[in-house]
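Reading through the structure tokens given below for one structure.
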Amino acid sequence: MIEKIAESFYMITLPMPFRLKHVHVFALVHDGSVSLFDTGMNTPETFSTLDESLKSIGKTIRDIDRIFITHFHTDHCGIAGRIQEISGAKVAMSEMDARRIYNDQKKGLDFDQVKIFYREQGLREKIMDDLLELLSSFRKATIPFKVDTSLEDHGSQKVGDREFEVIPVPGHTSGQVCFFFRGEGILLSGDHILPEITPNLSPDPYNPGFRPLKSFLDSLGQVEDLPVIKVYPAHGDPFSNLKARVEEIREHHRERKSLVFESVKGGPKTTFQVSLDIFGQDLPEFDQFLAVNETYAHLIELEEEGLIKQKKIEDLVIHSVV
Ligand SMILES: [Zn+2]
């Protein structure tokens, strides 16, 4: 599905076999070429939908000469390598996230390290095995590609006669960026700001000092005052009330943090046990993993505030009030 959002600027909706079922990518046509913002997953359906969508505007995958990526998750750049192979497109993404892909692909996620971390948080062994399998399948789902430009600087990029700003918004991943077209008030928000849900916050196994919740909340401040007319998220419908949405998201995390604090006040617990208080007992396995990540992100902020502390007891990390 393809929809025009501005002159020579299109939103293409690509299928996804799980969860949110779709991801939006954006195509900017200039001087006969196409710049693509995010790519979708590496599946035959993504390829054919992208191809058909571009053909409907008189372009093909071969015309893609640049790819700009918001973050390293497979639904955002999984098929970039295949496009690059076909068209020779140059790829730009943040160095932080490029390194994440490189580390994952070269060494393979350091499963022992990941396992130790989640075991300490109290995640059940069975969930962990399924989880590692899933993470490894995600890794395989991204075709390796070469990154030509790093997007670390808060710089401007030029595509045809359009200019856009790259805005680093660490949180959902440590290298996530948004793209802002000031002239038209268009914000491509990636997964940073979504209309219905908040992006999952999880620790970065290669960057232990990373505080996902604090970074994410700081990054909301990076975009809320921009003169945005319309936000185009990677998932869900475009929307215009950015400031109101930012406030809602802040409120959501304030509430969640106080629930996490209440849970720990009820007695010492592992991260997993706290997550059961917050998210309930009946989550599917992968969601239990996401719930532990999200809970962990809040626990470490409560700890920073001096309200709770953690202690290792045998092989488990236990949180309790100070
Ligand atoms: Zn994502």
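The values are calculated or read from the model by the stated rules, or taken from the named source; none is laboratory data. All of these numbers come straight from a predicted model, not from anything done at the bench. Cβ coordinates were reconstructed from backbone atoms using ideal geometry, including for glycine residues, and neighbour counts include every protein chain displayed. Ligands, DNA and RNA are excluded from the accessible area calculation, which covers all protein heavy atoms including side chains. Shrake-Rupley method; radii C 1.70, N 1.55, O 1.52, S 1.80 Å.
Scanning segment 172-190 for residues that are within 15 Å of the ligand (Cβ to nearest atom) and open to solvent by 10 Å² or more (accessible area, probe 1.4 Å), we see that the one that is farthest from the chain's Cα centre (by Cα) is S174. Looking for something without any contact (Cβ under 8 Å) to a residue 24 or more places away in the chain, under 30 Å from N241 (Cα atoms) and small (G, A, S) - is there at least one such residue anywhere in segment 156-163? Yes, some residue in segment 156-163 is without any contact (Cβ under 8 Å) to a residue 24 or more places away in the chain, under 30 Å from N241 (Cα atoms) and small (G, A, S). Residues in segment 94-145 that are closer than 23 Å to R66 by Cα and either of a type in the set (A, V, I, L, M) or not in a helix (DSSP H, G or I) (or both): S94, M96, A98, I101, A141, T142, I143, P144, F145.
The residues of segment 14-23 that are part of a strand (DSSP E or B) and buried (at least 17 other Cβ atoms within 10 Å of the Cβ), listed by number, are L14, V23. Which residues, counting only those in segment 2-39, are on the phi > 0 side of the Ramachandran plot and either of a type in the set (G, A, S) or under 23 Å from the mean Cα position of the chain (by Cα) (or both)? Within segment 2-39, S8, R19, K21, G32, D38 qualify. Got at least one residue in segment 195-208 being open to solvent by less than 10 Å² (accessible area, probe 1.4 Å) and away from the ligand (no atom under 16 Å from the Cβ)? Looking through segment 195-208, none of the residues is open to solvent by less than 10 Å² (accessible area, probe 1.4 Å) and away from the ligand (no atom under 16 Å from the Cβ). Of everything in segment 301-315 that's modelled with pLDDT of 95 or more and among the aliphatic types (A, V, I, L, M), which residue is most open to solvent (accessible area, probe 1.4 Å)? If we take residues in segment 301-315 being modelled with pLDDT of 95 or more and among the aliphatic types (A, V, I, L, M), then L307 is most open to solvent (accessible area, probe 1.4 Å). Filtering V159, V147, V169 for residues that are at pLDDT below 95, of a type in the set (A, V, I, L, M) and in contact with a His (Cβ under 7 Å, 6 or more places away or on another chain) leaves a single hit, V159. Within segment 272-322, being of a type in the set (D, E, K, R) and over 21 Å from the mean Cα position of the chain (by Cα) holds for D277, D282, E303, E304, E305, K309, K311, K312, E314, D315.
Taking K146 as the residue in question, decide whether it is surrounded by fewer than 17 Cβ atoms within 10 Å (Cβ to Cβ), without any contact (Cβ under 8 Å) to a residue 12 or more places away in the chain and under 26 Å from M41 (Cα atoms). Against the criterion (surrounded by fewer than 17 Cβ atoms within 10 Å (Cβ to Cβ), without any contact (Cβ under 8 Å) to a residue 12 or more places away in the chain and under 26 Å from M41 (Cα atoms)), K146 does not qualify.
Taking helices (runs of 4 or more DSSP H) as the structural unit, those lying wholly within segment 42-93 and holding at least 1 residues that are within 16 Å of the ligand (Cβ to nearest atom) and β-branched (V, I, T) correspond to 44-56, 74-77.
Just one of (1) modelled with pLDDT of 85 or more; (2) open to solvent by less than 20 Å² (accessible area, probe 1.4 Å); (3) under 20 Å from the mean Cα position of the chain (by Cα) fails for E95. It is (2). Screening E163, E125 for residues that are open to solvent by 40 Å² or more (accessible area, probe 1.4 Å) and either under 20 Å from P227 (Cα atoms) or under 17 Å from the mean Cα position of the chain (by Cα) (or both) leaves exactly one candidate, E163.
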